[in-house]
Amino acid sequence: MSLRFEKVMDEREAYQMNVLRLAYLGDSVWETIIRYHMILKKLNVHHLHEQSVKRVNAAAQAEMLSRISGSLSENEAEIVRRGRNAHPKHTVPRNQQPENYAASTGFEALFGYLYLTGQNDRIRELYQIIMEQESQNG
């Protein structure tokens, strides 16, 4: 799965980008991945939405980050750290824990960075790790 309107960004250029911008993009990248895999399950639209929402929220993304944290390179872990420590100008949504919201920002920043730098194979690899652990944990 690759939809690109511009050339792949240099890793150094992407790394220097504001981490909240990376997270902004990464949120849509992650949601697109999840939606793609959900439509393969041939559920009706209501169930597609329910299943997607379970995986595209701060608590779920914080859990997914914990599943892949041991598999991250130093550079990837630094992107996540920067995302966790970012301070958005808006408040944390009432239905989310601040620590989950911070972790999800790191998770999203990582996926935004990987997308911008054209690391689609790495995105697939991390997705596989997440899904394998999900199936093992029931």
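What net charge do the residues around Gln16 carry, taking every other residue with its C-beta under 13 Å from that of Gln16, with Lys and Arg at +1 and Asp and Glu at -1? Please report the intermediate quantities before stating the final value.
Working: positive: Arg12, Arg21, Arg82; negative: Asp10, Glu11, Glu13, Glu78.
Cβ neighbours under 13 Å give a net charge of -1.
With a simple spin-label model that places each label point 7 Å from the Cα along the Cα-to-Cβ direction, the separation between Glu6 and Gln136 comes to 3.8 nm. With 0.36 nm allotted per residue and the present C-alpha distance subtracted, the Ile129-Met17 stretch has 37.7 nm of extension available.
In a reduced charge model with +1 at each Lys and Arg Cβ and -1 at each Asp and Glu Cβ, the chain shows a dipole moment near 380 debye about its Cα centre.
For Cα pairs less than 8 Å apart in space and 6+ apart in sequence, what is the mean separation divided by the residue count of the chain, i.e. the relative contact order in percent? Relative contact order here is 40 percent. Looking at region 28-72, the pairs of alpha carbons with a distance over 17 Å make up 36% of the total.
Extending 7 Å from Cα along the Cβ direction at Asp121 and again at Gln97 yields two label points whose distance is 3.7 nm. Its alpha carbons give the chain an Rg and a Dmax of 14.6, 42 Å.
Only the coordinates and a few stated rules stand behind these numbers; no lab work does. Treat the numbers as computed from the prediction; the structure is a model and nothing was measured. Heads up, the Cβs are rebuilt from the backbone with ideal geometry, glycines too, and the neighbour counts pull from every protein chain shown.
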